[in-house]
Amino acid sequence: MLLGMLGWEALSPRRRVSRLLWQRRVNNLLLVGVDILSVLLLPLVAVGAAAIAAEKGWGLLNLLQLPAAVIFILSLVLLDMLIYAQHILMHKIPLLWRLHRVHHTDREIDVTTGVRFHPFEIVFSMGLKIAGVMLIGAPVLAVVIYEILLNAVSMFNHSNINLPVTIDGLIRKLIVTPDMHRVHHSVIRRETDSNYGSVLSLWDRLFHTYIPQPEEGHTGMTIGLHEFRDKRSVGLFWLLLQPFLNSKEPPQQTSQIQGDNHEY
C-alpha cells in the first residue's frame, strides 16, 4: 500500500510538492522504524486479547446469539467507532494531544504522514484497543482484518493523490478519502477539530464533526500547526522529543501563513 500510494502521488499529486519532500518522508519512515522497535509485539496483543475474550466468553458480542457473519461485521464497525472516539480524546486531552501533535506537525501531508506517530501514542492506542476488544468480544479474525484495514486506509486517506471530485464524493459516502481527511490537517483550529474518522466516514456525519471542504481550498490550505513551522519539525530526534516541549501558538497572522507557501 505504501509503495502504491508513493507511485500514485508521483504520477498525479493533489498539491504541489515541497522542497522538503524527501527529508520529510525519510524522517517519517524512520519514525516508523522506531515505533516498530519500541512496540514490536504490541500488534499481536490485540489479537491475543481477542483470543482470550473468545475463550472466556467475555465481551458483548460473545453474549449475543448472532450469526458469525453478523458478529464479524459488527466487530469491524464497533472497532472503528472506538478509534474515532480515541482520536477525539487525543485532541481534547492536553497530555494526549502532546503525543498526537507529532502527527499534526507535518507541514505537508502525504502517505508517510499516515504512519507518522509517536511511539508513546502507539502504546496508548494499543492499550485502548485491547480494552475495546475485550469489551466488544471481537473475534480474532475481525481484529486481524481491522488492523489491516486501518493501516491501509490510513495510508490511502493521508496520500497526496488527485481523485476526481465525483469519485471522491462516491467513496467518501462510506470510506474516508484524502480530500476529506486533509481538512483535518489544516492549521485552522475549527478544521483541525473535524473529520476524525479513520476508516468509515459515517461517524463524523453522525456526531456532527464533519466539514466537507477546507476554507482555503485543497491547493491553497496550509497544513500543520501554527506553533511548529520551522525545519526542526521534520527531524527524527525532534519528532521523538516534541511531546516534552512547551510551545505557544502565535497569533494567526495572514502574512505568516502565506509565507509558508513560498517554499514550494
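Approximating the spin labels as points 7 Å out from Cα along Cα→Cβ, the residue 93-to-residue 56 distance works out to 2.2 nm.
Would you mind checking the tilt of helix 119-136 against the longest principal axis of the Cα atoms of the chain, expressed as 0 to 90 degrees and rounded to 10? For helix 119-136, the angle is close to 30 degrees. Considering only 73, 57, 22, the residue lying farthest towards the positive end of the dipole of the range 16-84 is 22, judged by Cα position with unit charges set on Cβ. A run of the chain free of exposed loop cleavage sites, with trypsin sites (Lys or Arg not before Pro) counted only in DSSP states other than H, G, I, E and B and at most 16 other beta carbons within 10 Å, reaches its longest extent at 20-172. Counting only alpha carbon atoms, the long axis of helix 68-92 and the longest principal axis of the chain meet at about 40°. Over the residues of the chain, the helix contribution to mean residue ellipticity at 222 nm works out to -17500 deg cm²/dmol, using -39500 (n - 2.57) for each DSSP H run of at least 4.
Computed from label points 7 Å out along Cα-Cβ, the spacing between residue 174 and residue 26 is 4.0 nm. How many Å² of accessible area per residue for the range 71-205, probe 1.4 Å? On a per-residue basis, the range 71-205 sits at 35 Å². Based on Cα contacts under 8 Å between residues 6+ apart, the chain shows a relative contact order of 28 percent.
The GluC sites (Glu not before Pro) of the range 145-231 that meet both conditions, a loop assignment by DSSP and at most 15 other Cβ atoms within 10 Å of the site Cβ, are 215, 216, 227. Looking at the range 68-196 from every direction and averaging, what is the projected area of its Cα convex hull in nm²? If you wrap the Cα atoms of the range 68-196 in a convex hull and average its projections, you get 8.3 nm². Contact order for the range 1-128, expressed relative to its length and based on alpha carbon pairs under 8 Å spaced 6+ residues apart, stands at 43 percent. Ordered from largest to smallest accessible area (heavy atoms of protein chains, 1.4 Å probe), the residues 237, 117 come out as 237, 117. Computed from point charges on the beta carbon alone (+1 for Lys and Arg, -1 for Asp and Glu), the dipole magnitude for the chain about its Cα centre is near 240 Debye. Relative to the longest principal axis of the Cα atoms of the chain, helix 2-11 runs at roughly 30 degrees.
The aspartates and glutamates within cross-link reach of residue 56, meaning a Cα-to-Cα straight distance under 15 Å and a gap of 8 or more places when in the same chain, come to none at all.
The values are calculated or read from the model by the stated rules, or taken from the named source; none is laboratory data. Everything numeric here is computed off the predicted structure, so don't read it as measured data. All Cβ positions, even for glycine, are placed from backbone atoms using ideal geometry, and neighbour counts span all protein chains on display. The protein model used for the area step is the full one, side chains on, heavy atoms only, and it has no ligands, DNA or RNA in it. Shrake-Rupley method; radii C 1.70, N 1.55, O 1.52, S 1.80 Å.
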